[in-house]
């Protein structure tokens, strides 16, 4: 059995708490209660609420950035790259739903310079995503769509999974990935 | 020239203020300042912050519900219905970006019984949307996808337009609608 350190448990519970209450409304008192630590010992592990938010946002951003890098290394084919990126989003959303929700919904509470750094990272990621679309359009593998419209439609289309997915829904991850990829790559229409 | 009543200006400015600051952080003082009304006269028009949120959420919900009704009356063809629903979402998002943003992001601050009513309306709307997808799958016009996965992927894919669209982007509404419809109906891939 995996034994978690107090610090790990704090971050895990924080993600759940921030998801449930929102970052602003969540208090450090709630958090220390949930983890079952006295404030004196709690503050040995963690300095501030924002320290937790920074870590959650940074770690998730890194998952996407590293994933994108690996995908581009793996293949030159825009279609394969796009399929792999969609799979990456589904996998990240499913593996740690709380932390992805906080990353998606609460980043705007970061203070400077973390906010600017975060936005720069996001912009760079979108740029890399956009390059896949542009390459596909150029090679005539993809339809001639406005790249920004295609980028945001696809990116945004993946932002329900972390809210919705629960193991008890009994939809396996492969079906989820395949249906989403199928819909975005080939469309809903059969004709 | 259209002359707006004080009440109309209050609701318009409120939507912008809530979008910019978030509903929680926005104060009635900010709002009366923006509209340029003294508190005494301001409170003749409006009772509470939540009254405004209720109106914004209800009016937007009504636009979607009425739009869906009209679309179902207009045609029986699931493909035509789906295209029309996507167009409806784009149009609503573009026409009043602030109010749609508040509707999308701030509804969770509604108090009871408004919150439950709102969620019921949303559920009914999703049900009507789902029926279009199920009918299309049954008639073999649409691919055999899990209807919930298809529903949420499509619904969510439309939730960037109100953030992103600005007249100065010089993308006309027809291109936007056609590209989004094309992507979701026929997919990004040409092959």
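The values are calculated or read from the model by the stated rules, or taken from the named source; none is laboratory data. Everything quoted here is computed from the prediction, not taken from an experiment. Heads up, the Cβs are rebuilt from the backbone with ideal geometry, glycines too, and the neighbour counts pull from every protein chain shown.
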### Query
For the subset of the stretch A:3-26 comprising residues that are within 30 Å of residue A:160 (Cα to Cα) and loosely packed, with under 12 Cβ neighbours inside 10 Å, which member is modelled with the highest pLDDT?
A:25
### Task
Assess whether residue B:107 counts as being under 30 Å from residue B:49 (Cα atoms), within 10 Å of another protein chain (Cβ to nearest Cβ) and at pLDDT below 95.
no
### Query
Going by the structure shown, is residue B:154 in contact with a helix residue (DSSP H, G or I) (Cβ under 6 Å, 6 or more places away or on another chain), assigned by TED's automatic domain parsing to the domain that holds residue B:99, within 21 Å of residue A:82 (Cβ to Cβ) and touching a residue at least 40 places away in the same chain (Cβ under 8 Å)?
yes
### Query
Restricting to the stretch A:1-49, what's the tally of residues that are assigned to a loop (DSSP other than H, G, I, E, B), over 23 Å from the mean Cα position of the chain (by Cα) and within 25 Å of residue B:109 (Cβ to Cβ)?
1
### Task
Report yes if residue B:180 is surrounded by 21 or more Cβ atoms within 10 Å (Cβ to Cβ), more than 10 Å from every other protein chain (Cβ to nearest Cβ) and either within 23 Å of residue A:182 (Cα to Cα) or in contact (Cβ under 8 Å) with a residue 60 or more places away in the chain (or both), otherwise no.
no
#### Entry: Every residue from the stretch B:57-84 that is within 12 Å of the chain's Cα centre (by Cα) and closer than 19 Å to residue B:177 by Cα
B:63, B:64, B:67
### Query
Which condition does residue A:161 not pass, out of (1) surrounded by fewer than 19 Cβ atoms within 10 Å (Cβ to Cβ); (2) touching a residue at least 60 places away in the same chain (Cβ under 8 Å), if it passes all the others?
(1)
### Query
Taking residue A:142, is it within 12 Å of another protein chain (Cβ to nearest Cβ) and either touching a helix residue (DSSP H, G or I) at 6+ places or on another chain (Cβ under 6 Å) or more than 22 Å from residue A:54 (Cα to Cα) (or both)?
yes
### Summary
Note on the stretch A:145-182: residues under 22 Å from residue B:174 (Cα atoms) and assigned to a helix (DSSP H, G or I) are A:147, A:148, A:149, A:150, A:151, A:152, A:153, A:154, A:155, A:156, A:157
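Residue by residue, here is whether (1) closer than 22 Å to residue A:106 by Cα; (2) modelled with pLDDT under 95 holds:
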residue: A:126; (1), (2): yes, no
residue: A:130; (1), (2): no, no
residue: A:134; (1), (2): no, no
residue: A:138; (1), (2): no, no
residue: A:150; (1), (2): no, no
residue: A:155; (1), (2): yes, no
residue: A:159; (1), (2): yes, yes
residue: A:162; (1), (2): yes, yes
### Task
Quick one: in the stretch A:121-139, of everything that is free of Cβ contacts under 8 Å to residues at least 40 places away in the same chain and farther than 11 Å from residue A:64 by Cα, which residue is surrounded by the most Cβ atoms within 10 Å (Cβ to Cβ)?
A:137
### Query
Going by the structure shown, is residue A:72 in contact (Cβ under 8 Å) with a residue 24 or more places away in the chain, in the same structural domain as residue A:89 (by TED's automatic domain parsing), touching a helix residue (DSSP H, G or I) at 6+ places or on another chain (Cβ under 9 Å) and more than 21 Å from residue A:103 (Cβ to Cβ)?
yes
### Task
Looking at (1) in the same structural domain as residue B:104 (by TED's automatic domain parsing); (2) surrounded by 15 or more Cβ atoms within 10 Å (Cβ to Cβ), find the lone condition where residue B:59 falls short.
(2)
